[in-house]
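Participant: Take a look at the following structure, please.
Values quoted throughout were computed directly from the atomic coordinates according to the rules given, and no laboratory measurement underlies them. The structure presented is a predicted model; accordingly, all values stated were derived computationally and were not measured. Cβ placement follows ideal geometry from the backbone for every residue including glycine, while neighbour counts extend to all protein chains displayed.
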Amino acid sequence: MHRLSNSRGGFSLIELMMALALGLVITGAAVKLYSTGVDATWVIQQRAELQQDLRGSESMLLKDISLAGAGLTGVPGDSVALPSTTQPIYGCSAGPVCAPNGAINYPCVGGGCVPTLYPIMPGFARGIIPPGSATPSDIITVTYSDTNLPMSCYSGATNVNPVNFNATGNVLTFMAPPNPPPASCILPPGLVYPPALTNSVNGLLPGDIIMVGPTVNNLVAIGEVTAVAGAAGAPTPCAGNPCAGGSTYAVTFANGDTLKLNQSGQANDLTKLAPAGGGPLAGVPITRIFVITYYLQNWVDAAGHTTTILYRQVNGQKAIPIADNVANMQFTYDTYNTNGTLLNASGDGGEAAGTSPNLIRKINIIHLTVHGQLYGVKTSLMATQGFQSFDLQTSISARNMSYNQRY
């Protein structure tokens, strides 16, 4: 007969240590898998944000460049000579707050030249040197007319309601047209009558640039708006013949403007187009134009981190940031020299060699590079691999310059 023993034996220490070790391995693997998944998600999200930021800035930049020269096709030489008693500038807003490295002077090409507004104005190596780069960034400026504010409806494109200059020639008074407006009044789609010049959506503001002409003598001048007076509500149409009684808007172009475009009485100034002693000027196109400058600027936060931002500056208005974490921006230009020889990939569009910027035919973006906002410590995936980045390289035809009076 056998006696059953009452055993209380359990896991041995070795078995326990092996179980703990196996559990730690499994737990560590799970944590690593989870961490890698989180890191990968963050990397993918950052990549999507980079693509979105680059796509947005690319779309705006390419649109502006492709429109260079639009609305200037009736201007002799597609360019406007500017007053030069004081050097006019661009890329600045009230303050003045100017593009990096100071205010930018308009190009002056050829012997005896004066500063001139062109459809495209290269700024080769005129920008900052972004952090981590040894190459200066470029600045680019394009000019085209505004088609959303139909100033021609007010400016007297016909003799119905001519624009009036004051006695000194630096205040222009516009009157609302009759209703329905004349055939010369070209309205944006969906409108049957022009909005007030002071409307809150796209009305005139101090800092805007107005182009007057060409006149019957092919004279053209531009000026910077310094003040606008007039009711902001729906305009009252004029009536009768001659048309009178409509809403009026007084636009002032005073000296001392931010962009130094207003130089009363000087050659090429707006006041030179005014009738002697003031009065009406009929049948002369008057248009708001956009002088748009793209440049890079550094911004340092409270923690000392530097972010390079791409800015878009319009006329004398405040510059607007459109993309951050930009590594660099560089352009070249395909143009012609004075002998008609094609100059490919010229950094300054041939300006240093005396080539006029209005001969530029194609703009090449050789680098528009954005990178992630990582400082190198965010994730294990990126800590030793640096920033994610995307680099845009493309070419754009300045169609309003390339095909005007050439084919």
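Participant: What is the spin-label model distance, in nm, from ASN241 to VAL114 if the labels are put 7 Å beyond Cα along the C-beta direction?
Facilitator: 4.0
Participant: With no solvent and one equal point scatterer per Cα, compute the Debye intensity ratio I(q)/I(0) for the stretch 69-226 at 0.11, 0.19, 0.21 Å⁻¹ and report its log10, rounded to two decimals.
Facilitator: -0.56, -1.36, -1.53
Participant: Quick one: longest stretch of the chain between exposed loop trypsin sites (Lys or Arg not before Pro), exposed meaning at most 12 other C-beta atoms within 10 Å and loop per DSSP? Mind dumping the intermediate values first?
Facilitator: Working: sites that count: ARG3, ARG8, LYS318, ARG406.
After excluding every exposed loop site, the longest remaining stretch is 9-317.
Participant: For the stretch 121-132, just list the computed ³J(HN,Hα) in residue order, Karplus coefficients 6.51, -1.76 and 1.60, θ = phi - 60°, integers in Hz, with x standing in for Gly and Pro.
Facilitator: Karplus-based 3J(HN,Hα) across the stretch 121-132 equals 10, x, x, 4, 6, 8, x, 6, 9, x, x, x Hz.
Participant: Distance between the C-alpha centers of the stretch 161-182 and the stretch 42-108? Whole Å please.
Facilitator: Result: 30 Å between the Cα centres.
Participant: With only alpha-carbon atoms in the gyration tensor, what are the semi-axes of the equivalent ellipsoid for the stretch 154-302, in Å, largest first? Let's see the in-between values first.
Facilitator: Values: eigenvalues 150, 88, 38 Å².
Semi-axes, largest first: 27, 21, 14 Å.
Participant: Taking the Kirkwood radius as the inverse of the mean 1/r across Cα pairs, report the Rg/Rh of the stretch 104-158. Each step should come with its number before you reach the end.
Facilitator: Values: Rg = 17.5 Å, Rh = 14.6 Å.
When Rh is taken as the Kirkwood radius, the ratio is 1.20.
Participant: Tell me, what HN-Hα J-couplings in whole Hz come from the Karplus equation 6.51 cos²θ - 1.76 cosθ + 1.60 at θ = phi - 60° for each residue of the stretch 291-298, using x for Gly and Pro?
Facilitator: In residue order, the calculated couplings are 10, 10, 10, 10, 7, 9, 8, 8 Hz.
Participant: Any chance you could list P(r) for the stretch 274-323, counting all Cα-Cα pairs in 5 angstrom bins from zero, rounded to whole %?
Facilitator: Values per bin, smallest distances first: 5, 15, 15, 14, 10, 10, 8, 7, 6, 5, 4, 3, 0.
Participant: What angle do you read, to the nearest 10 degrees and between 0 and 90, between the alpha-carbon axis of helix 13-66 and the longest principal axis of the chain?
Facilitator: 10
Participant: Taking each pair of distinct Cα atoms in the stretch 39-110 once, what is the resulting Kirkwood hydrodynamic radius in Å?
Facilitator: Result for the stretch 39-110, one decimal place: 16.3 Å.
Participant: Ordered by residue, what ³J(HN,Hα) values in Hz, to whole numbers, does the stretch 257-265 give under the Karplus form 6.51 cos²θ - 1.76 cosθ + 1.60, where θ = phi - 60° and Gly and Pro are x?
Facilitator: 5, 4, 8, 6, 8, 8, 9, 3, x
Participant: Which value in Å does the Kirkwood hydrodynamic radius of the stretch 256-346 take, with 1/r averaged over all unlike C-alpha pairs and then inverted?
Facilitator: Working: mean 1/r = 0.0556 Å⁻¹.
Computed over the stretch 256-346, the radius equals 18.0 Å.
Participant: What share of all Cα pairs of the chain, in percent, falls into each consecutive 10 Å distance bin?
Facilitator: All Cα pairs considered, the percentages come to 4, 19, 24, 19, 13, 7, 4, 3, 2, 2, 1, 1, 0, 0.
Participant: On to the next question. Which length gain, in nm to one decimal place, applies between ALA250 and ILE186 when the Cα-Cα distance is subtracted from 0.36 nm times their residue separation?
Facilitator: On the way: separation 64, 0.36 × 64 = 23.04 nm, distance 2.16 nm.
Going from the current span to full extension adds 20.9 nm.
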